[in-house]
Amino acid sequence: MKSEPVRFAADLGLASCHTCGKLSPVKSGHCPRCGSGLHLRKPDSLARTLAFLLGSIAFYIPAMSLPVMNVSGLGGGEQSTILSGVVTFWEMGSYPVAIIIFTASVLIPILKIAALAWLCLAATGRFSGTHKKMALTYHITELVGRWSMVDVFVVAILACLVRLGNLMTITPGPAALSFAAVVILTMLSAMSFDPRLLWDQRRATPTP
């Protein structure tokens, strides 16, 4: 008994709505349920993903090297970078705070950037991988993206820790804007990426 050939929605002219997920003929132009525009693939997905990704990498450098906050009090002022803040909290014995700041501000952005770069390379055929690895990497990117709001939580923790009324004040440094740009650009990069490009690349690659 011969198995039926696999048929893909794109071959049948069907597109999944990017907003509500309803499958509809792409020639209709708009989703009949929510009215969003229909495309077989997100227009210019790779170009926009790479543009946002390169922008986030460019902002990541000043985010780590410039002062993220200025603390001033009766004893004078002090500027701290994200990494020096992690070291300070660690030396003070505030290990949970140091670990949270390091994870949210250093580890998560690096993971997001590396995973998106890997997905872009795989979608262009410059890097091969199994279906499981590609699916796992994409799911990790989505999972990490949901934790982007942890950065806001970290800022709130820092503000609470150093806010001591009129005795001490904290003001954001230039790295704060760079760090915010990294978070926003990596989120836009992940949203711009169309995972169906991975499966298109796999179909175009001949099986050995």
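The values are calculated or read from the model by the stated rules, or taken from the named source; none is laboratory data. Computed from a prediction, not measured in an experiment: that's the story for all the values here. As a convention, Cβ positions derive from the backbone with ideal geometry for all residues, glycine included, and neighbour counts pool all protein chains shown. Calculation scope for accessible area: heavy atoms of the full protein, side chains included, ligands and nucleic acids excluded. Shrake-Rupley method; radii C 1.70, N 1.55, O 1.52, S 1.80 Å.
Annotation note: Cβ proximity below 8 Å between a residue of segment 182-202 that is closer than 19 Å to A15 by Cα and a residue that is among the β-branched types (V, I, T) (sequence gap 6+ or interchain) occurs for S192/T49; F193/T49; F193/T141; Q201/T124. All of L50, L12 fail the test of being open to solvent by 70 Å² or more (accessible area, probe 1.4 Å) and touching a residue at least 40 places away in the same chain (Cβ under 8 Å), apart from L50. Checking P62, P25, P43 one by one, the residue that is open to solvent by less than 40 Å² (accessible area, probe 1.4 Å) and not hydroxyl-bearing (S, T, Y) is P62 and no other. Quick check: anything in segment 28-42 under 20 Å from F8 (Cα atoms) and either in a helix (DSSP H, G or I) or of a type in the set (S, T, Y) (or both)? Yes - at least one qualifying residue is present in segment 28-42.
Is segment 181-191 home to any residue that is farther than 14 Å from F52 by Cβ, at pLDDT below 85 and crowded, with 17+ Cβ neighbours inside 10 Å? No, there is no match, as no residue in segment 181-191 is farther than 14 Å from F52 by Cβ, at pLDDT below 85 and crowded, with 17+ Cβ neighbours inside 10 Å. Looking at segment 67-153, the helices (runs of 4 or more DSSP H) lying wholly inside it that each contain 2 or more residues that are modelled with pLDDT of 85 or more and surrounded by 12 or more Cβ atoms within 10 Å (Cβ to Cβ) sit at 82-91, 95-102, 108-123.
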